[in-house]
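Nothing in this text is a laboratory measurement; each read-out follows from the coordinates by a stated rule. Bear in mind that the values here come from a model prediction, so they are computed numbers and not experimental data. Cβ atoms come from the backbone with ideal geometry, glycine included; neighbour counts cover every protein chain shown.
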Amino acid sequence: MKERIDEHMNLNELKHLPEYDNVLVVDQNGITIFYDLADLHILKHIGLKPEEFLRKSVTSFYKNLPIEESTLMTVLKTGEPLWNIKQQLTSNNGFTYISKSSTFPLHNGTSIVGAIEFSKHYYQKENIQLLEQFASHKMYRKNNTIYTIDNLVSQSNVMEEIKSKIKKVSSTDSTILIKGETGTGKEIVAQSIHNLSSRYTQPFVSIKCGEIPTNFIEQIFFGTENDTLNAVPGILGILEQANGGTIFLDEISALDIKLQAKLLRVIEDKLIRRVGGIQDIHLNIRVIAATNENPDKLMREKLLREDLYYRLCVFQLDLPRLSDRKEDITVLIHYFIEFYNRHMQTKIEKLDDQVFLAFQQYSWPGNVRELKNALETAYNNASSNVINLNDIPAKIRDYSSVSEKINFSKNNFHLKDKVEEYEKNLIVIELNNTGGKLAETARRLGISKQLLKYKMSKYELK
């Protein structure tokens, strides 16, 4: 193969395929025969179901894409690849987005039998929510996950220790209980464990126990048997859907106590019986559960069975609040801004220094999720490439103002205090400017990395 490439191709003429998220294949007539999208929700906004996207002319989905302007149809006609072509596409239901694509012919001998297109989609500000279920890692889309351990962005010691524990426990089949406040990343941790485990090729099934209708809870968990007399087909329960993979039970204490008892037997015996069934079904699943409350309190209030808790917490992960890992705020801000910039038509270069100070002072009761939402709000409000105080949520802006008033009300006017306040603000600003890189921040401030770490600890920046 190497000799053939060397004989027919000048390696200096090879081009780099730009970053892409989606793959689309059509046959020689421009009929779609395969697709792999980073976010299947895009089909819903286009107005299609997944099966409706196949076996249709590729130009039929858009009101502004005549055959002569279609990249795929052009490649089928000319046999020549197209590189990094940007198009604004409007679907038949009026949804508009930007597509940047590279398209190549598929040959069978000398005949063109189809074309393949690698593309990336960019959205308007009002469509930023489309990125909520965006699968950034192409290899894991097929198992129902969108997160890996790379999405646990941090530089704090406490989170690095959490990630180390995740890597260790992923190699086992032990049940796991994840404890953490709302917004600390319990779903990300659960998906990370699954994708690091040997089960990563199998399904990851996630369910919020508090959202299950009480009347159908057993059917949803265990499924139903076929009713041949009344011609009613059976339903596959979520436990069977997760067979071979992982079931993630969020808000575990919201489950009815009687169902908790049945779930305990499932964990111990790995057997279920469908509602209306007479045979046991063997399962090979890993169970991960999560709660945002103290398990001891839940057991005292009879909301969580003790025997189930002790069976679940073979391995327990306690996720810290964002206010307890404030040194991660800087790297999280840059991570989310970079994420939105990759997929939106608007680009944000940085946050104003006062915004960074406000973010450092704020208590973040909603944790990382609240930080992400605050940046999403700012992204939508920004009228330039710099996010300023008027762009961020009012409660964060007001919290900063209240904190300053409290400091003044304490008659905190000593020179030493003011110098330390100024020093703290300088450190925050430089952390912002360097994207949280400690070595570069220390260099800009003219101090050692060790001294910077000391000062960050002193000023509760970590």
Inset, instruction - Taking H placed 1.01 Å from N in the peptide plane, check which residues at least 5 places from V275 or on another chain put their amide H under 5 Å from its amide H. - result: G223, T224, E225
Legend entry - Antiparallel DSSP beta bridges within the range 138-320, as percent of all bridges there, nearest 5: 20 percent
Legend entry - Under-5 Å amide H pairs with L304, H placed in peptide plane, nonlocal only: M299
Legend entry - Members of K77/K120; K100/K372; K49/K125; K208/K455; K297/K455; K56/K142 lying beyond 30 Å, as alpha-carbon distances in this model show: K208/K455; K297/K455
Legend entry - Dipole in debye (nearest 20) - the range 268-400, about Cα centre, beta carbon charges: Lys, Arg +1; Asp, Glu -1: 400 debye
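Which length gain, in nm to one decimal place, applies between L426 and E132 when the Cα-Cα distance is subtracted from 0.36 nm times their residue separation?
Stretched out fully, the L426 to E132 stretch lengthens by 102.5 nm.
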Legend entry - Per-residue ³J(HN,Hα) for the range 105-114, Karplus 6.51 cos²θ - 1.76 cosθ + 1.60, θ = phi - 60°, Hz, x for Gly and Pro: x, 10, 10, 10, x, 9, 8, 8, 10, x
Inset, instruction - Name the residues whose placed amide hydrogens come within less than 5 Å of the amide hydrogen of Q202, ignoring near sequence neighbours (fewer than 5 apart) on the same chain. - result: none
Inset, instruction - Using packing as a proxy for protection, rank 370-379, 239-248, 55-64 so that the peptide with the highest average count of other Cβ atoms within 10 Å comes first. - result: 239-248, 370-379, 55-64
Legend entry - Per-residue HN-Hα couplings for the range 347-356 [Karplus 6.51, -1.76, 1.60; θ = phi - 60°; Hz; x = Gly/Pro]: 10, 9, 8, 6, 9, 4, 4, 5, 5, 4
Legend entry - Order of Y335, Y422 under a 10 Å beta carbon neighbour criterion, fewest first: Y422, Y335
Inset, instruction - Mind scanning K179/K302; K179/K458; K302/K395 and naming the pairs with a C-alpha gap bigger than 25 Å? - result: K179/K458; K302/K395
Inset, instruction - Calculate one ³J(HN,Hα) per residue across the range 264-276 by plugging θ = phi - 60° into the Karplus curve 6.51 cos²θ - 1.76 cosθ + 1.60, and present them in order as whole Hz with x for glycine and proline. - result: 4, 5, 4, 5, 7, 9, 6, 10, 9, 9, 5, 4, x
Inset, instruction - Could you pull the Cα extents of the range 138-320 along its three principal axes, largest to smallest, in whole Å? - result: 61, 43, 26
Inset, instruction - Just the ratio, please: alpha-carbon radius of gyration of the chain over 2.2 N^0.38 Å, N its number of residues. - result: 1.17
Legend entry - Principal semi-axes in Å for the range 18-73 [√(5λ), Cα gyration tensor, largest first]: 17, 14, 12
Inset, instruction - Let me know the whole percent of all Cα-Cα pairs from the range 2-122 that are separated by more than 23 Å. - result: 30 percent
Legend entry - Relative contact order of the chain, pairs being alpha-carbon contacts under 8 Å that are 6 or more residues apart, as %: 12 percent
